[in-house]
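Novice: One structure follows; several queries about it will come next.
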Amino acid sequence: MGLGTPAQAAAPADRSTVTKVAALGWWRFGVYYTLSACQYFGNSLTQSPQFSSYYCSQSVWDTVDQRYYWGLWVYQVS
């Protein structure tokens, strides 16, 4: 899984419908077919100083494919 959530940051309430959420710093970066792909990109992004943590959430429903996808959320350092 991803790195721990910073203490000052709250996870977004609704992870499936918004790109930037009210909880400052959390952004939905992308959507992936598999958990391993989501984790790969999350790990890559947190190697830079721009993002401090990430998590993958299986909450993006595709009405055409009738399946869930993995949404990648990153915490942007201010």
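The values are calculated or read from the model by the stated rules, or taken from the named source; none is laboratory data. No experiment lies behind these values; they were computed from the predicted model shown. FYI the Cβ positions are ideal-geometry reconstructions off the backbone, even for glycines, and counts take in every protein chain you see. Side chains included, ligands, DNA and RNA excluded: accessible areas come from the protein's heavy atoms. Shrake-Rupley method; radii C 1.70, N 1.55, O 1.52, S 1.80 Å.
Novice: Any chance you could look up the accessible area of Y32 with a 1.4 Å probe, heavy atoms only, rounded to 10 Å²?
Specialist: My reading of the accessible area for Y32 is about 40 Å².
Novice: So how do R28, R67 rank on accessible area, 1.4 Å probe, biggest first, that is with the largest at the start?
Specialist: Sorted by accessible area, descending: R67, R28.
Novice: Taking the simple approach of a point 7 Å from Cα along Cα-to-Cβ for both R67 and S48, what is their distance in nm?
Specialist: According to this spin-label approximation, the distance is 2.9 nm.
Novice: In the full protein assembly as shown, how much of Y33 is accessible to a 1.4 Å probe, in Å² to the nearest 10?
Specialist: Approximately 150 Å² for this residue.
Novice: At 1.4 Å probe size, with no ligands or nucleic acids counted, give the accessible surface of W27 in Å², nearest ten.
Specialist: Number for this one is 80 Å².
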